[in-house]
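Below: the structure, in C-alpha cells.
Any read-out appearing in this document is the output of simple, stated calculations on the displayed coordinates, not a laboratory observation. Quantities reported herein were computed from a predicted structural model and do not represent experimental measurements. As a convention, Cβ positions derive from the backbone with ideal geometry for all residues, glycine included, and neighbour counts pool all protein chains shown.
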Amino acid sequence: MLLAKTREQIDPIAHGWRIDRLKTALVPTMGNLHEGHLALVAAAKREADKVITSIYVNPTQFGQGEDFENYPRTLERDRELLAQAGCDLVFVPDQGVMYPFGLDDQVRVLAPAALANTLEGQTRPGHFDGVTTVVARLFNLVRPDIAVFGEKDYQQLLVIRRMSEDLGYGIRVVSVPTVRESSGLAMSSRNNYLDAGQRAGAGELSKVLLQAAHRIVRDSGNPEQVERDATDRLKQAGFQVDYVAVRRAQDLGTPQDSDRDLKVLAAVYFGGTRLIDNVNANRVGIPED
Ligand code: PAF
C-alpha cells in the first residue's frame, strides 16, 4: 500500500491512475479505524479500480469543548488494517496540507442551511461547514471518481451528496449501510470511550429506534407520538436524549402522510459519550436494519 502525505506526493500517483483510465474511490476518514470503515473500503473496492483512504482529524468540524484533542489517533494500526483490506493508497495530510493558510481565515464551504442546521446541526453549530470544507479540500486534492461514506452519519451523507452536486464535482457519492456490534450498537470510533458494560447497554439505542421504525411501518404510528415514546424508553434505559426524530429520508424534512421513505434518527449521551444512530422506516416495507 502506498503512502502519501502531501499534494506533491499524491498528485503523480492519482494522475498516473487517471492516465491509465483507472477508476478511483476515496474513503475519507478521521482514522481509528473499525469494521465500519473497513466496510467502506470493501465497497470502494467493488466500485473502483483503486482505493484511496484519507486519514485526517479535522479540527474545523469539532465545536468548543468537543473531543478534538482527545480524538483517538492510531495511525500505525490503521495502516495495517488498510493494507490487509486491500486499500491501494493511504493519504495522511497534516494541517499545513489541508489548511495552508491556517485555521483563522480559510476559505470555507457552507453546508446548505435547511439540511445542515437541523438535528446534529442544532447541537453542533458549524459542524457541517467544517465537514463540507474539509471534504471539498479532499475532493480537490484527490479528484476521485467515487467517494464512499457510511449511513451511520446519515445527515453528513446527505450534506456531502448535496455539496458534490451543487459544486459540480461530478463525484458519485456511494453510501454503505451501518455496521453494528453484536449488541446492535452502531460502530463508531467514539464507542472506545465506553467501558464494556456501557458498550453492551448502549445497544439499547438501536433496539428502541427499530421498535419506533416498526411502529411507523406496521402500525402507521403517528411520528410525533413515536418520537415521544422512543424518547421516554431511551431515558428509562439511562440515556440522556438530545433528539429522536422521524424525518423524510430524502431531505430530513418533516414527513407528510404521503411520504414513504422515512428515517428514525437519534442522538443521545451515554455515560458522557455522544452516540448517533438511525434506521430506515419505509412505509411500504418492513425496516431492514
Ligand atoms: O465521517 C468522518 O469521519 C468525517 O466527518 C469526515 C467525512 C472524514 C470528514 O472529516
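Observations
- The loop-placed GluC sites (Glu not before Pro) in the stretch 47-92, going by DSSP, that have at most 14 neighbouring Cβ atoms within 10 Å of their Cβ come out as E66, E69.
- Spin-label model distance (nm) - N192 vs Y243, 7 Å beyond Cα toward Cβ: 2.8
- Options T133, W17, V107, ranked by Cα towards positive dipole end of the stretch 2-176, top entry (Cβ charges): W17
- Shape of the stretch 2-176 from the C-alpha gyration tensor: rounded (a/c under 1.5, with a ≥ b ≥ c the square roots of its eigenvalues).
- Within the chain, DSSP assigns beta bridges of which about 50% are antiparallel (rounded to the nearest 5).
- Part-to-part distance (alpha-carbon centres) for the stretch 125-151 and the stretch 14-70, which is given in Å: 9
- From the alpha carbon centroid of the stretch 257-276 to that of the stretch 195-241 is 9 Å.
- Cross-link pairs exceeding 20 Å in C-alpha to C-alpha distance, out of K5/K152; K23/K45; K45/K263; K207/K263, comprise K5/K152; K45/K263.
- Mean residue ellipticity (222 nm) of the chain, computed from DSSP H runs ≥ 4 via -39,500 (n - 2.57), nearest 500: -11500 deg cm²/dmol
- Rounded to the nearest 20 debye, the dipole magnitude of the chain is 460 debye, with +1 charges on Lys and Arg beta carbons, -1 on Asp and Glu beta carbons, and the Cα centre as origin.
- If R0 is 22 Å, the Cβ-Cβ spacing of D257 and E165 corresponds to a FRET efficiency of close to 0.20.
- Whole-Hz ³J(HN,Hα) from phi, Karplus 6.51 cos²θ - 1.76 cosθ + 1.60, for the stretch 190-197, glycine and proline x: 6, 4, 5, 6, 8, 7, 4, x
- Two-site FRET efficiency, A83 against D219, from Cβ-Cβ distance with R₀ of 45 Å, rounded to 0.05: 0.40
- Residues of the stretch 103-126 with amide N under 14 Å of a point placed 7 Å along Cα→Cβ from Q95: 103-106
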